[in-house]
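S.K.: Before anything else, here's the structure in question.
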Amino acid sequence: MDLLIKNGILVTPTDCFKADIGVDEGKIVAISSKMPAEADDVVDAKGKYVLPGGIDPHTHMEMPFMGATTVDDFEYGTIAAAFGGVTTIIDFAIQPKDKTFLETIALWKAKADPKVVTDYALHVAVTNLTEDLIKEIPDVQKAGVQSFKLFMPYRKEGLMSDDGRIFRMLEESRKLNFLVQLHAENNSILEMLIERNVNAGKLSAEYHAKSRPNYCEGEAINRGLAMAHATNGNLYIVHMSTKEGLMELRRWKMMGANVFGETCPHYLVLNDEKYLSPKGRRYIMSPPLRGKADNEALWDGLFDHSLDTVGTDHCTFTDAQKDLGKDNFTKVPNGVPGVETMIPLLYSEGVRRRKMSINRLVEMTALNPAKLFGLYPRKGTLNIGSDADIVIFDPDFELQLSRENLHSKIDYSIYEEFTVKGMPTYTFVRGKPVVYNREYVGKKGSGKYVHAIKPQF
Ligand code: URP
Ligand code: ZN
Ligand code: ZN
């Protein structure tokens with residue numbers, strides 16, 4: 001056997017139990033309460049949790065956006081992921097307007113393959129949907145991509161899809177069994193509010209949030225979910241930030257729509273007061289940070305299973321890049337980091353502070369994304385035959401989430417004031433250590449593309 005992790009507490013979405021876990025040739029081959037201690041490497045996990053590797057379903061590595069390119073490339077971004085207990089990222093391959101979906105996937109693989117230190121899968125972010133491209137979707141599914149993101153906003157940035165195109169993709173999603181992902185904000189209202197604020201000289205970071213009020217998200221989520229219901233399509237709302245949007249998700253789930261929701265750590269633990277600080281532009285992302293009532297509503301949504309997953313929307317711009325908009329919030333590249341801090345924050349703020357079960361944490365960060373995006377049962381579970389993507393999590397390890405303690409290339413932390421209790425200390429990807437007792441031991445390019453299979457909804 002290549003690896004034996006002894007004496008830990010294994011966590012599944014339903015149970016916590018003491019067992020040893022054996023790994024050979026990248027796969028889990030044994031889970032037992034009595035395992036002979038023979039392996040090339042034996043790690044004692046006494047007093048620690050053993051978790052299935054996290055899957056972050058929402059990252060943007062090396063992404064050109066709003067006049068800048070995210071500073072975390074696939075190497076640094078996946079190193080940060082591994083330190084945070086994430087063993088697979090699902091990144092968005094953004095379609096250049098003149099490229100097909102398959103060409104887009106090839107572009108993204110060429111960037112990722114030489115650099116990744118964890119595994120990765122892809123979604124296609126659609127910017128130019130045509131009937132010819134719809135015909136290409138079965139081949140895209142054969143190439144291992146089962147999810148397509150459409151944007152309701154970002155008309156000026158060239159990403160927007162109108163309602164007709166969203167409806168059309170939802171129709172196909174039912175026929176071909178893929179997942180449509182939706183960035184839901186009402187574009188015409190937010191464009192009108194942006195124009196009004198800019199004309200009034202209201203250009204500071206707080207006007208980013210004021211130009212995209214809760215209503216803009218709630219209305220757009222409702223519209224998307226209504227279209228999913230009408231078409232019987234499969235719809236996943238990304239980065240949900242408001243109590244209004246959550247109420248719509250609950251309502252349409254109750255009506256029998258095949259719909260799912262994701263929120264992000266920043267919408268759970270940060271609020272819009274951040275925009276009033278001198279570095280308010282660091283917190284500019286879309287949708288924006290909201291109020292404290294929204295934070296708590298989203299936690300409720302995780303507890304009652306209205307929300308299905310947590311993704312990070314890891315999208316890193318340095319201070320210098322954010323300064324592109326130092327005099328005008330509309331010029332600030334949108335996005336914040338998150339891949340390294342997601343699981344520690346969910347543990348400290350969710351499991352410790354709010355008494356969420358660690359089983360639910362594992363369900364939201366491993367099993368559910370694996371199932372929704374076609375990675376299960378290879379990923380997302382500690383089971384015989386699954387990839388040995390394993391995290392040893394020390395519930396007593398304290399760490400301030402300051403820039404010098406994190407591994408992203410970004411030059412600040414948005415969580416400086418948070419000290420978490422509970423951190424991953426070992427991260428194995430297909431049985432190979434990437435982080436070993438908090439030391440980086442991975443190898444650039446050792447991660448693999450994960451070919452997603454058609455998900456069962
Ligand atoms: O502000 C954000 N969310 N940046 C990344 C792009 C997106 O919409 O996910
Ligand atoms: Zn988005
Ligand atoms: Zn995103």
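S.K.: How many residues does segment 14-35 contain that are touching a strand residue (DSSP E or B) at 6+ places or on another chain (Cβ under 9 Å), in a loop (DSSP other than H, G, I, E, B) and in contact (Cβ under 8 Å) with a residue 60 or more places away in the chain? Reasoning before the result, please.
M.R.: From segment 14-35, those touching a strand residue (DSSP E or B) at 6+ places or on another chain (Cβ under 9 Å) are 16-24, 26-35; that's our starting set.
Narrowing further to those that are in a loop (DSSP other than H, G, I, E, B): 26, 33-35.
Next, only the ones that are in contact (Cβ under 8 Å) with a residue 60 or more places away in the chain stay: 26.
Residues flagged as touching a strand residue (DSSP E or B) at 6+ places or on another chain (Cβ under 9 Å), in a loop (DSSP other than H, G, I, E, B) and in contact (Cβ under 8 Å) with a residue 60 or more places away in the chain within segment 14-35 amount to 1.
S.K.: From the residues in segment 272-285 that are more than 27 Å from VAL351 (Cα to Cα) and touching a residue at least 60 places away in the same chain (Cβ under 8 Å), which one is nearest to ligand 3 (Cβ to nearest atom)?
M.R.: Taking segment 272-285 as the starting set, the residues that turn out to be more than 27 Å from VAL351 (Cα to Cα) are 275-282, 284.
After this cut, where a residue has to be touching a residue at least 60 places away in the same chain (Cβ under 8 Å) as well, the list is 275-276, 279-282, 284.
Values: TYR275: 19, LEU276: 24, LYS279: 21, GLY280: 20, ARG281: 18, ARG282: 17, ILE284: 13 Å.
The qualifying residue nearest to ligand 3 (Cβ to nearest atom) is ILE284.
S.K.: Name the residue that is farthest from ligand 2 (Cβ to nearest atom), counting only residues in segment 140-150 that are of a type outside the set (S, T, N, Q) and open to solvent by less than 10 Å² (accessible area, probe 1.4 Å).
M.R.: Residues of segment 140-150 that are of a type outside the set (S, T, N, Q), as a first pass: 140, 142-145, 148-150.
Now restrict to residues that are open to solvent by less than 10 Å² (accessible area, probe 1.4 Å): 140, 144-145, 148-150.
Details: VAL140: 20, GLY144: 22, VAL145: 17, PHE148: 13, LYS149: 7, LEU150: 10 Å.
Among those residues, the one meeting the criterion is GLY144.
S.K.: Just to be sure before I move on: is THR87 more than 16 Å from ligand 1 (Cβ to nearest atom), open to solvent by 40 Å² or more (accessible area, probe 1.4 Å) and not aliphatic (A, V, I, L, M) in the structure I sent? Working first, answer last.
M.R.: On the way: more than 16 Å from ligand 1 (Cβ to nearest atom): yes; open to solvent by 40 Å² or more (accessible area, probe 1.4 Å): no; not aliphatic (A, V, I, L, M): yes.
The answer is no for THR87.
S.K.: For segment 399-448, enumerate the residues that are open to solvent by less than 40 Å² (accessible area, probe 1.4 Å) and assigned to a strand (DSSP E or B).
M.R.: LEU399, VAL420, GLY422, MET423, PRO424, THR425, TYR426, THR427, PHE428, VAL429, VAL434, VAL435
S.K.: While we're here: Can you pull out the residues in segment 382-395 that are crowded, with 23+ Cβ neighbours inside 10 Å and either free of Cβ contacts under 8 Å to residues at least 60 places away in the same chain or within 28 Å of LYS142 (Cβ to Cβ) (or both)?
M.R.: Scanning segment 382-395 gives ASP387, ALA388, ASP389.
S.K.: Return only the number of the condition from (1) in the same structural domain as THR419 (by TED's automatic domain parsing); (2) farther than 26 Å from PHE148 by Cα; (3) not basic (Lys, Arg) that ASP389 does not satisfy.
M.R.: Evaluating ASP389 over (1) in the same structural domain as THR419 (by TED's automatic domain parsing); (2) farther than 26 Å from PHE148 by Cα; (3) not basic (Lys, Arg) leaves (2) as the failure.
S.K.: Quick check on segment 198-230: of everything there that is under 15 Å from PHE260 (Cα atoms) and open to solvent by 10 Å² or more (accessible area, probe 1.4 Å), which residue is nearest to ligand 1 (Cβ to nearest atom)?
M.R.: Filtering first and then ranking leaves ARG223.
S.K.: Related question: So for segment 351-358 (the condition being crowded, with 23+ Cβ neighbours inside 10 Å and either within 16 Å of ligand 1 (Cβ to nearest atom) or not β-branched (Val, Ile, Thr) (or both)), does at least one residue qualify?
M.R.: The first filter runs over segment 351-358 and keeps only residues crowded, with 23+ Cβ neighbours inside 10 Å, leaving none.
No - not one qualifying residue is present in segment 351-358.
S.K.: Just for segment 307-339: of the residues that are under 19 Å from LEU249 (Cβ atoms) and open to solvent by less than 10 Å² (accessible area, probe 1.4 Å), which one is nearest to ligand 2 (Cβ to nearest atom)? Give the derivation first.
M.R.: From segment 307-339, those under 19 Å from LEU249 (Cβ atoms) are 307-311, 313; that's our starting set.
If we keep only those that are open to solvent by less than 10 Å² (accessible area, probe 1.4 Å) as well, we get 307, 309-311.
On the way: LEU307: 16, THR309: 14, VAL310: 15, GLY311: 10 Å.
By that ranking, first place goes to GLY311.
S.K.: Out of the residues in segment 224-271 that are in a loop (DSSP other than H, G, I, E, B) and in contact (Cβ under 8 Å) with a residue 40 or more places away in the chain, which is farthest from VAL124 (Cα to Cα)?
M.R.: By that ranking, first place goes to LEU270.
S.K.: Go through (1) at positive phi; (2) of a type outside the set (Ser, Thr, Tyr); (3) part of a strand (DSSP E or B) and name the single condition GLU62 misses.
M.R.: (3)
S.K.: Related question: So LYS97 passes all but one of these: (1) under 25 Å from SER161 (Cα atoms); (2) part of a helix (DSSP H, G or I); (3) out of contact with any helix residue (DSSP H, G or I) (no Cβ under 9 Å at 6 or more places or on another chain). Which condition number does it fail?
M.R.: (2)
The values are calculated or read from the model by the stated rules, or taken from the named source; none is laboratory data. Owing to the predicted nature of the structure, the values given are computational and were not obtained by experimental measurement. Quick reminder, even Gly has a Cβ in these numbers, built from the backbone with ideal geometry, and neighbours come from all protein chains shown. Side chains are part of the model used for accessible areas, which takes the heavy atoms of the whole protein and leaves out ligands, DNA and RNA. Shrake-Rupley method; radii C 1.70, N 1.55, O 1.52, S 1.80 Å.
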